[in-house]
1. What number goes with the only condition from (1) at pLDDT below 75; (2) within 15 Å of MET284 (Cα to Cα) that GLY175 does not pass?
2. Are there any pairs, at least 6 apart or on different chains, whose C-beta atoms fall under 8 Å, with the first in the range 38-52 and surrounded by fewer than 16 Cβ atoms within 10 Å (Cβ to Cβ) and the second in a loop (DSSP other than H, G, I, E, B) and aliphatic (A, V, I, L, M), and if so, which?
3. Please go through the range 335-362 and pick out each residue that is surrounded by fewer than 20 Cβ atoms within 10 Å (Cβ to Cβ) and under 11 Å from the mean Cα position of the chain (by Cα).
4. Looking at SER87, SER95, can you tell me which residue is in a helix (DSSP H, G or I) and within 13 Å of SER349 (Cβ to Cβ)?
5. Any idea which of GLN130, GLN57, GLN78, GLN90 is exposed (fewer than 13 other Cβ atoms within 10 Å of the Cβ) and in contact (Cβ under 8 Å) with a residue 12 or more places away in the chain?
6. Which of the residues belonging to the range 1-50 are of a type in the set (Ser, Thr, Tyr), within 17 Å of LEU354 (Cα to Cα) and assigned to a helix (DSSP H, G or I)?
7. Is the range 103-122 home to any residue that is out of contact with any helix residue (DSSP H, G or I) (no Cβ under 8 Å at 6 or more places or on another chain) and surrounded by 12 or more Cβ atoms within 10 Å (Cβ to Cβ)?
8. Are there any pairs, at least 6 apart or on different chains, whose C-beta atoms fall under 6 Å, with the first in the range 320-332 and closer than 16 Å to VAL293 by Cα and the second among the aliphatic types (A, V, I, L, M), and if so, which?
Amino acid sequence: MNKRQKKVLVLSVKVLIAVALLGWVLSKAHWSDYVTAKDTGKTYAVVEARPNPDTPQTITISGGSLWWSWQKQMPADQFVVPERGGSPVQPGFVSTLMRMSPLFLAGGFLGFLISLLVVAVRWWFLLRLQDIHIPLWEAVRLTFLGQFFNTLLPSTVGGDLVKAYYVSKHTPKKGAVLVSVVVDRVLGLTELTLLAAIMLTVVLLGNLASLDDPNIRRSAIAIAIVIALIVGAVLFLFSRRFRRLFHLQKIYSRLPMAHHIAAAGDAAILYRQRITGLVKAVCMTFGAHLMWVGALALLGFGLNLKLPWFEYFLYIPLVYIIGSIPISPGSVGLIESLYLAFFHAAGVSPSEILAFALLARLIPIFWGLPGIIVAVTGAKLPKAETLEAELGLAGEQAE
């Protein structure tokens, strides 16, 4: 099996995983409003709730299909009321989207745009720390291009690689360019983890929740595991002593970027010497993530999800940290499954979660569309094999 066939096979497996995960999420959601029977646990579509859906005394339910369809009126107390109170009538996917506040939706779109622009400035700043000078506008354009590749193309060429390719045309220091991309990504994951950890601390110290809550406890375990993995990954990539201590050199040498990272000692030294600049980049990252998670929280407020504000800032970072595992194109299906895992346990119905996850998916896709203009007006991007060869990522070994 040649390299191209392997890539097609890997992509096919990822697509199948995405379809399976999306199928699981959709199987949990309901298209229309529904109720759950206390005695059997079965769900039924709601035809009418009287005198109103918020305080019903009787509920007309339906079932079956075509000529086997039926309707029945039952007392409202025969159906399950959510743990956080309210009506037994749970909103379906359609009614959840219909109640979306246009003002909050606009705020979500704007917040994500601001976050994306801050990310562009952060990457531009990291390049300048490496004495790689490109115009700020070029960094913004390439950030939108990367967003386009990450969200709209099920390609083996990710947005980070595309950005690195174009910047490498401005400088012979390809290793420094690639290291800047790695540092940019590591900073992003680290800051997301830090945001979740800070919010967990606020929740516990402020008595907003306790570790007796299974979801809070699961979040604490996830944060601890992610922190350990990030520390391990950074040591694995940048510490030769760590690799020798644990005999990881053979694994490291097989990484496509290994020889660049190994040869990027000057780049690492520059980052250490310019620690003040690196701290500024960290602050930018934190601000970008606050804006991004805040934008998604606005979507939840606009959908009237019955969640306290702090749960957005605790669960959303974890969703996207775990969702960065590349097991499906663009993490399609995986992200939605993680939304369901965290927010359903927090008391939100699967139909509401699906609507929330859909909007959270559409906003990055929308802001990836300007990247099409960059792709069309810029230099033609070579095929994946050529791109990797020009960056020196194909078939080379480190050390």
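1. For GLY175, the exception is condition (2).
2. Note: pairs meeting the criteria are LYS38/VAL80.
3. Once the filter is applied, which keeps residues that are surrounded by fewer than 20 Cβ atoms within 10 Å (Cβ to Cβ) and under 11 Å from the mean Cα position of the chain (by Cα), the range 335-362 yields only ARG361.
4. Details: SER87 fails: in a helix (DSSP H, G or I).
Within the list SER87, SER95, the selection yields SER95.
5. On the way: GLN130 fails: exposed (fewer than 13 other Cβ atoms within 10 Å of the Cβ); GLN78 fails: exposed (fewer than 13 other Cβ atoms within 10 Å of the Cβ); GLN90 fails: exposed (fewer than 13 other Cβ atoms within 10 Å of the Cβ).
Result of the check over GLN130, GLN57, GLN78, GLN90: GLN57.
6. SER27
7. The first filter runs over the range 103-122 and keeps only residues out of contact with any helix residue (DSSP H, G or I) (no Cβ under 8 Å at 6 or more places or on another chain), leaving 106.
Those left that are additionally surrounded by 12 or more Cβ atoms within 10 Å (Cβ to Cβ): 106.
Yes, the range 103-122 contains at least one residue that is out of contact with any helix residue (DSSP H, G or I) (no Cβ under 8 Å at 6 or more places or on another chain) and surrounded by 12 or more Cβ atoms within 10 Å (Cβ to Cβ).
8. ILE321/LEU192; ILE321/VAL226; ILE322/LEU338; GLY323/LEU334; GLY323/ILE335; GLY323/LEU338
The values are calculated or read from the model by the stated rules, or taken from the named source; none is laboratory data. Keep in mind that what you see is a predicted model, and the values were worked out from it rather than measured. FYI the Cβ positions are ideal-geometry reconstructions off the backbone, even for glycines, and counts take in every protein chain you see.
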